[in-house]
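**Q** Before we start, here is the structure in question, set down as structure tokens.
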Amino acid sequence: MSKVEQQGRREFLKGTAATAAISIAPGVMLHSLTADAAPRTEAVTDKVRWGMLIDANKCADGCTDCVSACDKENGLDLVNMPEGADESLWERQRPRWIRQVSLKDNLSGKITHLPMMCQHCEKPPCVDVCPTGASFRRADGIVMVDRHICIGCRYCMMACPYKARSFIHAEVAEKLTHTPRGKGCVESCNLCVHRLDNGQTTTACQDACQHQAIVFGDLNDPESAVSQALKKYPSVQIRADLKLNTGVRYSNI
Amino acid sequence: MKKIHFSEWGIDSPRYWGMLAVLGAIIAVAGLAVFYMEHNGHWVTGMTNQVVWGMPHVFAIFLIVAASGALNVASIGTAFGKKVYKPLGRLSGLLAITLLAGGLAVLVLDLGQPGRLLIAMTHYNFKSIFAWNIYLYTGFFAIVALYIWFMMDWRMNKYYKPVGVFAFVWRLMLTTGTGSIFGFIVARQGYDAAIMAPMFVIMSFAYGLAVYLLVLMFAFKADGREIGDVLLKRLKNLLGIFVAAVFYFTVVYHLTNLYGTENHEYEAFILRDGGIYTLLFWGGWVLIGCLIPMGIIYHPALGATRGGIIAASTLVVLGGFATIYVIVIGGQAFPMAMFPGKTIVASGFFDGVNGQPMLYSPSLPEILLGLGGVALVLMLTFIGIRVLRFLPTSLADEVADPHHAKS
Ligand code: SF4
Ligand code: SF4
Ligand code: SF4
């Protein structure tokens, strides 16, 4: 277990060191840490902005494919209920990065389903409030938590308008190397950052969705599937009134 | 007015040590509770991913808010030059420090990673109001300590006024900062109100003075010192004004919320349908925290008795806890409005299905931690007044009241 933990830590540090350097001063590299951040070969830049378009019409009632895929991809299924815990309380304490929400329109009664996860705000309240800067936004638009400097104050959870974050309420015995996790820290969807940094271009939830409800890609690239889809269909941001310019957009809700 | 003398708290040793032992025991139990929570993780508490701040935060925020208010008595003496309050200043400064220490201890011990506090000191996010608060708190300790020193040391007396004014300004910033912790949370209906910060300032006046009165009266009674009726009456009237102001802000806060359509549901929740939160709002915040104390204070007979003043202060403190509970927990229990015009009918993550509030029931360890914070405040205060000269030997009217000789 300690070996896994060690590796995870090293890999994570590499990844975050590179990104942290950028987030300190956008556009300015402080040092050449990126060289270590294999397999990524270039620094994270704001040339790319990762994002999603989710089509609520396609999301199927009662389907949990994206949720299970995310759980597996990010080791959330390894977080076991502690012995002696109250089951219904634990359900409210266990971490979740993505969930399905079903809505009923108050006027028409129309029912829609959609997956909700961190919306990767361009102006993320969770980053603004975090006292230590553990909650940070990468140049490529991914908002995530550096779990080595998170003190577990949960202020970011108070501030997130989408309830996207989870606090790790219990000791986690088993974890994946690419998703380190520790009791007392906060975490949330990071757009499968380990995949992207490995050169992959899809997220686990997108891959898992048999209904093609999730289109993921580079919002800055006009040719990307997500940009094309955004051009074609009308879409909205959830709680657009907050003007957070989310990276995750929805159509047909 | 005679010259004021100060002396150490003179209660007999067995009683003093007995009190410290009891408080120490409470703190030790709280320590065990902290160990239990930190060792297991927060699953042993009632806090969840929906209600992320629980009982420890209620205690911590109450104590921190009261801390800055406790300094008020000294400020009135210094910044506003009211002579009669001057002898009260030292204890006021001491209470400000001990209340803040107690509150911060509770806050820190509830962190998911309290051991990383050093990180919080070195990694700074200057945009975060939370991080600014850390500055405000440390600054507060330093300034108030300086203030107490200048009050106590006659050689420094000439600087005492500017430091006092500075401390007053700092305390206003501190409470505004604490209030802003909520004001900055745009996501949640209950917190997104400009009135939050001034409301916290006025709440701090009331809670701080109530705590001050209780400690002052207890400490004086315990070693047979005298407090004159004139002075008590002034403090009592001041408390009445502060409590009335809290009530006024409460009314304005909810009226402005009712004015804006987008907040109607939140208001209905707190004022009518919120179960425990509605109960605590009307019963705790309004009745126990505002109306009954005001009734006692302004009652011609009751308000003149010491018992009445003690009762009123105690109720203000209890009502204060209820108030913070409604704000902190109630604000989280109310489901966030993510989809206007729609009802959430199912969710894999407790998004308030059909408008259901989030569940929270405080667990014993959380409450013990909070009570430990209170015990710590009292312990530090008692030690302080025992070893240093915080208490005036007498506050009898002929000593403390500047108009006494004339009348
Ligand atoms: S959705 Fe929440 S957690 Fe994600 S970036 Fe926005 S505020 Fe932060
Ligand atoms: S819980 Fe962690 S990431 Fe969230 S605000 Fe606190 S330190 Fe930052
Ligand atoms: S993008 Fe990855 S981390 Fe985010 S919800 Fe989908 S699977 Fe989970």
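**Q** Between the helical axis of B:160-183 and the dominant principal axis of chain B, each derived from Cα atoms, what acute angle in degrees is found, rounded to the nearest 10?
**A** Its long axis makes an angle of about 20 degrees.
**Q** Can I ask one more? In the protein assembly as shown, if the dipole is taken from +1 on Lys/Arg beta carbons and -1 on Asp/Glu beta carbons about the Cα centre, which of B:Leu271, B:Val201, B:Gly81 is farthest to the positive end?
**A** B:Gly81
**Q** Evaluate the Kirkwood expression for the hydrodynamic radius of the protein assembly as shown, namely the inverse of the mean inverse distance over all pairs of different C-alpha atoms, and round to one decimal in Å.
**A** Numbers: mean 1/r = 0.0374 Å⁻¹.
After inverting the pairwise mean of 1/r, the radius is 26.7 Å.
**Q** Follow-up question, since we're still on this one. Tell me which residues come under 5 Å, amide H to amide H, from A:Ile98 once H is placed; ignore anything under 5 positions away on its chain.
**A** HN-HN under 5 Å from A:Ile98: empty list.
**Q** Keeping all protein chains in place and using 1.4 angstrom, which order do B:Glu38, B:Glu8 fall into by accessible surface area, from largest down? It would help to have the intermediate numbers written out before the result.
**A** Working: B:Glu38 40, B:Glu8 70 Å².
Output order, biggest surface exposure first: B:Glu8, B:Glu38.
**Q** If you count, for every residue in A:91-102, the Cβ atoms of partner chains within 10 Å of its Cβ, what is the mean?
**A** Whole-number average of other-chain Cβ neighbours for A:91-102 is 6.
**Q** Moving on. Can you list the HN-Hα couplings for the stretch B:187-201, worked out from phi with the Karplus curve (6.51, -1.76, 1.60; θ = phi - 60°), rounded to whole Hz and with x for Gly and Pro?
**A** Here the 3J(HN,Hα) series is 5, 9, 3, x, 9, 7, 9, 5, 6, 3, 5, x, 5, 5, 4 Hz.
**Q** Separate question: Net charge near B:Phe168, counting Lys/Arg +1 and Asp/Glu -1 over other residues with Cβ under 13 Å of its Cβ? Write down the numbers at each step before the final one.
**A** Details: positive: B:Lys82, B:Lys161, B:Arg171; negative: none.
My count for the surroundings of B:Phe168 gives +3.
**Q** A further question follows. Can you flag which of B:Lys127/B:Lys342; B:Lys82/B:Lys236; B:Lys158/B:Lys233 are past 26 Å Cα-Cα? Numbers along the way, then the final one.
**A** Numbers: B:Lys127/B:Lys342 34 Å; B:Lys82/B:Lys236 16 Å; B:Lys158/B:Lys233 30 Å.
Among B:Lys127/B:Lys342; B:Lys82/B:Lys236; B:Lys158/B:Lys233, the Cα-Cα distance tops 26 Å for B:Lys127/B:Lys342; B:Lys158/B:Lys233.
**Q** Near the amide H of A:Val248, under 5 Å away, which other amide H atoms are found, from residues 5 or more places off or on another chain, if H is placed in the peptide plane?
**A** A:Met52
**Q** Using only Cα atoms, tell me the angle between helix B:129-152 and the longest principal axis of chain B; keep it within 0 to 90° and round to the nearest 10.
**A** Taking the Cα atoms of chain B, the angle to B:129-152 is about 10 degrees.
**Q** Scan around B:Ala346 for amide H atoms under 5 Å from its own, H built in the peptide plane at 1.01 Å from N, and keep only partners 5 or more places away or cross-chain.
**A** It is A:Ser102, by chain and number.
**Q** How large is the accessible surface of B:Trp43 in square angstrom, using a 1.4 angstrom probe and rounding to the nearest 10?
**A** Per-residue accessible area (B:Trp43): approximately 40 Å².
**Q** Let me ask another. What is the local net charge at A:Met81, summed over the other residues whose Cβ is closer than 10 Å to its Cβ (Lys, Arg +1; Asp, Glu -1)? Write out the running numbers ahead of the final one.
**A** Details: positive: A:Arg94; negative: A:Glu83, A:Asp86, A:Glu87, A:Glu91.
Taking every Cβ under 10 Å from that of A:Met81, the sum is -3.
**Q** Which whole number gives the average, over all residues in B:128-140, of C-beta atoms from other chains lying within 10 Å of the residue C-beta?
**A** Values: counts 12, 4, 10, 6, 1, 1, 1, 0, 0, 0, 0, 0, 0.
Averaged over the peptide's residues, the number is 3.
**Q** Mind grabbing the interface size between A and B? I mean buried accessible area, both sides, 1.4 Å probe, in Å² to the nearest hundred. All intermediate terms of the calculation are to be shown ahead of the outcome.
**A** Details: alone 13100 and 18460 Å², together 26650 Å².
That pair hides around 4900 Å² of surface in total.
**Q** Per 20 Å bin, what is the whole-percent P(r) computed from every C-alpha pair distance within chain B?
**A** Distribution as computed: 26, 57, 16, 1 percent.
**Q** So, taking all protein chains as they sit and a 1.4 Å probe, how much accessible area belongs to B:Phe80, in Å² rounded to tens?
**A** Roll a 1.4 Å probe over it and B:Phe80 shows about 120 Å².
**Q** Follow-up. Each residue of the stretch A:42-51 in order: what ³J(HN,Hα) in whole Hz does its phi give by Karplus 6.51 cos²θ - 1.76 cosθ + 1.60, θ = phi - 60°, with x for Gly and Pro?
**A** Along the stretch A:42-51, the couplings run 10, 5, 5, 10, 8, 5, 9, 10, 6, x Hz.
**Q** Let me ask you something else. If you project the alpha carbons of the stretch B:1-127 onto the principal axes, what extent comes out on each, in Å, largest first?
**A** Largest to smallest, the principal-axis extents are 59, 46, 27 Å.
**Q** Which whole number gives the average count of other chain Cβ atoms within 10 Å of the Cβ atoms across peptide B:112-124?
**A** On the way: counts 13, 13, 4, 2, 10, 2, 1, 8, 7, 2, 2, 10, 3.
The per-residue average across the peptide is 6.
**Q** Taking the alpha-carbon centroid of each part, what is the distance from the stretch A:60-117 to the stretch B:85-127 in angstrom?
**A** That distance is 37 Å.
**Q** Which three extents, in whole angstrom, do the alpha-carbon atoms of the stretch B:176-244 cover along their principal axes, largest first?
**A** 53, 21, 15
**Q** Which ³J(HN,Hα) values in Hz, rounded to whole numbers, follow from the phi angles of the stretch B:65-79 under the Karplus curve 6.51 cos²θ - 1.76 cosθ + 1.60, where θ = phi - 60° and Gly and Pro get x?
**A** 5, 5, 4, 5, x, 5, 6, 4, 4, 5, 4, 4, x, 9, 5
**Q** Write down the radius of gyration of the stretch A:112-217 and its Dmax, each obtained from C-alpha positions, in Å.
**A** 14.2, 40
The values are calculated or read from the model by the stated rules, or taken from the named source; none is laboratory data. For clarity, every value in this text was computed on a predicted model and none was experimentally measured. In this analysis, Cβ positions are derived from the backbone assuming ideal geometry, glycine residues included, and neighbour counts consider all displayed protein chains. What goes into the accessible areas is simple: the full protein's heavy atoms, side chains included, and nothing from ligands, DNA or RNA. Shrake-Rupley method; radii C 1.70, N 1.55, O 1.52, S 1.80 Å.
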